[in-house]
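Computed from the coordinates by the stated procedures, all read-outs in this text should not be read as laboratory data. Owing to the predicted nature of the structure, the values given are computational and were not obtained by experimental measurement. No Cβ is skipped: glycine too gets one built from the backbone with ideal geometry, and neighbour counts run over all protein chains shown.
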Amino acid sequence: MKTNSKLEKVLKTGSLAVTSECGPPRGAVPDKIRKKAEMLRGYVDAINVTDNQTAVVRMSSMAACIFIKQLGLSPILQMVTRDRNRLAMQSDILGAYSHGIDTILCLSGDHPQFGDHPMAANVYDIDSVQFVQMVKKMRDEGKFQGGDDIENPPRMFIGAAANPFADPFELRVLRLAKKVQAGADFIQTQCVYNLDKFERWMAQVRERGLDKQVYILAGITPLKSAGMAKYMKNRVPGMDVPDELVNRISGVPKEKQAEEGLKIAIESIQRLKGVAGVSGFHIMAIEWEEKVPQIVEQAGLLPRPEV
């Protein structure tokens, strides 16, 4: 079903889409989200707003999406199943859509033990695949999960996440296939540092014909330092940072490591632009949004299409 999502319109032109990410503030500070979003104007097609990322309390994703929408930009509502049961999730989807938010990313969310409230109860009433199914049913059938009719169903463009790198590798594409079958329209991947492994994953995606059924946006996170590279490699589950990349960024003076990290991100995009089945890029410059324009420009992703 066609939606009003700008991201969907860009993807349907065949152009490589570009999305980025804004982490909401840890307080009732609207200007912080507005400032981050303005840095991205003209450089990205849509802006993800994270939902209590890393299980740390922040301004709600929906509230931040509304501020971004008011700026005339296109937000992507991230929602995790960790914090809400299916009633609350469907209620929030209706609320978001009533504010003109028409693109959603369905996630399970990081466990509370990693965040600032480690004793918080998990909800996980449904998993991320069931979440995608639920939003699709709301959109395409005009039905709540419980079966009742919805007045003015939310016509959401539905996204999900994929990690091409977690073990066991051979099950990664099967996991993707489940989300596609459930109704995902687009996929944003985990940060891609191991390009060879990502290309092997994409080959399996093409073998199953999944690239014809879903738009895949490769995740790009620029490294700020050798310390960040080592942390990503050793401490972040499901991340694959090759030794050669860690050695490369460690091999330049400390004051030039951020610049080297940006170069790596730009080179990664330039290489992945040529991989069949890649429909765009999701640039996650964590608290470094001011660098997204440079990455987009130097990677040859301008001008953004008018839709």
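One table, with the values for the structure above:
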{"item": "For the chain: rounded, prolate or oblate by the Cα gyration tensor [a/c cutoff 1.5]", "result": "rounded"}
{"item": "Residues in the stretch 266-299 reached by a label modelled at TYR231 [backbone nitrogen below 12 Å; 7 Å Cα→Cβ]", "result": "286-287"}
{"item": "Between helix 86-98 and the chain: long-axis angle, C-alpha atoms, 0 to 90°, nearest 10", "result": "80 degrees"}
{"item": "Farthest positive-ward along the chain dipole, Cα basis, beta-carbon charges - from GLY159, ILE283, GLY238", "result": "ILE283"}
{"item": "Reachable lysines, given that their alpha-carbon falls under 18 Å from the alpha-carbon of LYS137 and they are not under 8 places away in the same chain", "result": "LYS2, LYS178, LYS179"}
{"item": "Pairwise centroid distance, computed over Cα atoms, of the stretch 1-43 with the stretch 76-138, Å", "result": "19 Å"}
{"item": "Per-residue ³J(HN,Hα) for the stretch 257-268, Karplus 6.51 cos²θ - 1.76 cosθ + 1.60, θ = phi - 60°, Hz, x for Gly and Pro", "result": "5, 4, 4, 5, x, 5, 4, 4, 4, 5, 4, 4"}
{"item": "Tail weight of P(r) past 17 Å, computed on alpha-carbon pairs of the stretch 81-157, percent", "result": "45 percent"}
{"item": "Computed helical MRE - 222 nm, the chain, DSSP H runs ≥ 4 contributing -39500 (n - 2.57), nearest 500", "result": "-11000 deg cm²/dmol"}
{"item": "Electrostatic dipole magnitude of the chain [Cβ: Lys, Arg +1; Asp, Glu -1; Cα centre; debye, to 20]", "result": "240 debye"}
{"item": "Top positive-direction residue, dipole computed over the stretch 170-307 with Cβ charges, set LEU272, LEU301, LEU171", "result": "LEU171"}
{"item": "GluC sites (Glu not before Pro) within the stretch 266-307, DSSP loop, no more than 14 other Cβ atoms inside 10 Å", "result": "GLU287, GLU306"}
{"item": "In the stretch 223-304, lysine pairs closer than 17 Å at Cα, eight or more apart or cross-chain", "result": "11"}
